[in-house]
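The values are calculated or read from the model by the stated rules, or taken from the named source; none is laboratory data. As the structure is a prediction and not an experimental result, all values here were calculated from the model. Note: ideal-geometry Cβ built from the backbone for every residue, glycine included; neighbour counts use all protein chains shown.
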Amino acid sequence: MTIGMTLVVGGACALNNHYDRDIDVKMTRTKRRPSVTGDVSSRGNVLFAWLLFLIGTVVLAVWTNWLTVVIGIVGFVTYVWLYGRWSKRTSVHGTAIGAVSGALPMAGGYAAVSGRIDVGLIIAFLIIFFWQFPEFYSISIYRLKEYKAAKIPLMSVVYGVRSTIIQIFIYTTLYVIATLLLTTFSYTGWVYFFVMLLAGVYWVYMAAQGLKTKDADRWSRQMFKTAMWQILLLCLMVSIGPVLP
């Protein structure tokens, strides 16, 4: 599952980079991508992307189950076309659609073992779905000028930094609640619960500080860094949580 889904995700990323060349060149964060600099040809980029996707799908089909295969394909289509080619460029809700594709690999990991859609799969999906909003909205604040230059209608561009900070606080809170549901439904022990609760309360506190900050750029960078630590902690605790008290 890990190998197959990694290849599918890699294919989606490579194809998205091909389609995003016109906006990537306008942003410092993305202007050095090989698809922009010409280090990789457009033809080579597309062939590489589809090769990764096809090999990844075959690996999922042979070694997992059809639910995981469907999740991989839906994630690929959602990210490349529904998000990359359409909603990211036309709607303030593009982040939500992108978050769907971003959360599907974790759901696929669960499906590879369970083979069914149940409460555990839904919680796994929601955890990563909610996490992506504070993570990406934070970037959209300290990279605001770049997104404006690329004319991408993000929350921070369309409704402003204040509204984006409020959204970050809401989704940070939802993420923490979702992580704790794993214990509520007996998927993990109480050690996991209290570790994630403490880490979650700290992140919610950080998010609340943004509501009164006078330096949104500095605060958003701190929120993004903490998002990286949160997802690392989540991966660790989800791995060992079920075997701890």
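Report those helices (runs of 4 or more DSSP H) wholly inside the stretch 68-170 carrying at least 2 residues which are among the basic types (Lys, Arg) and either at pLDDT 95 or above or on the phi < 0 side of the Ramachandran plot (or both). Even if it seems obvious, please write down each step before you answer.
Working: elements: 94-114, 119-142, 144-149, 155-158.
So the answer is 144-149.
If GLY4 satisfies all but one of (1) without any contact (Cβ under 8 Å) to a residue 60 or more places away in the chain; (2) touching a Gly at 6+ places or on another chain (Cβ under 9 Å), what's the number of the condition it fails?
(1)
Test of understanding: among MET5, MET27, which residue is assigned to a loop (DSSP other than H, G, I, E, B) and either at pLDDT 95 or above or surrounded by 14 or more Cβ atoms within 10 Å (Cβ to Cβ) (or both)? Steps first, please.
Details: MET5 fails: assigned to a loop (DSSP other than H, G, I, E, B).
None of the other options fit; the residue is MET27.
Consider PHE130 carefully, then state whether it is of a type in the set (Phe, Trp, Tyr), touching a Leu at 6+ places or on another chain (Cβ under 7 Å) and closer than 24 Å to GLY200 by Cβ. Please lay out each step first, then the result.
Details: of a type in the set (Phe, Trp, Tyr): yes; touching a Leu at 6+ places or on another chain (Cβ under 7 Å): yes; closer than 24 Å to GLY200 by Cβ: yes.
Taking the combined requirement at face value, the residue satisfies it.
How many of the residues making up the stretch 161-184 are among the β-branched types (Val, Ile, Thr), farther than 27 Å from ARG218 by Cβ and surrounded by 17 or more Cβ atoms within 10 Å (Cβ to Cβ)?
1
Please enumerate the residues belonging to the stretch 39-72 that are surrounded by fewer than 14 Cβ atoms within 10 Å (Cβ to Cβ) and of a type outside the set (A, V, I, L, M, F, W, C).
Answer for the stretch 39-72, where residues must be surrounded by fewer than 14 Cβ atoms within 10 Å (Cβ to Cβ) and of a type outside the set (A, V, I, L, M, F, W, C): ASP39, SER41, SER42, ARG43.
Among (1) out of contact with any helix residue (DSSP H, G or I) (no Cβ under 9 Å at 6 or more places or on another chain); (2) free of Cβ contacts under 8 Å to residues at least 60 places away in the same chain, where does ILE117 come up short?
If we test ILE117 against (1) out of contact with any helix residue (DSSP H, G or I) (no Cβ under 9 Å at 6 or more places or on another chain); (2) free of Cβ contacts under 8 Å to residues at least 60 places away in the same chain, just (1) comes out false.
Name the residue, out of TYR175, TYR205, TYR187, that is in contact (Cβ under 8 Å) with a residue 12 or more places away in the chain and part of a helix (DSSP H, G or I). Outline the logic, then answer.
Working: TYR205 fails: in contact (Cβ under 8 Å) with a residue 12 or more places away in the chain; TYR187 fails: part of a helix (DSSP H, G or I).
Among TYR175, TYR205, TYR187, only TYR175 is in contact (Cβ under 8 Å) with a residue 12 or more places away in the chain and part of a helix (DSSP H, G or I).
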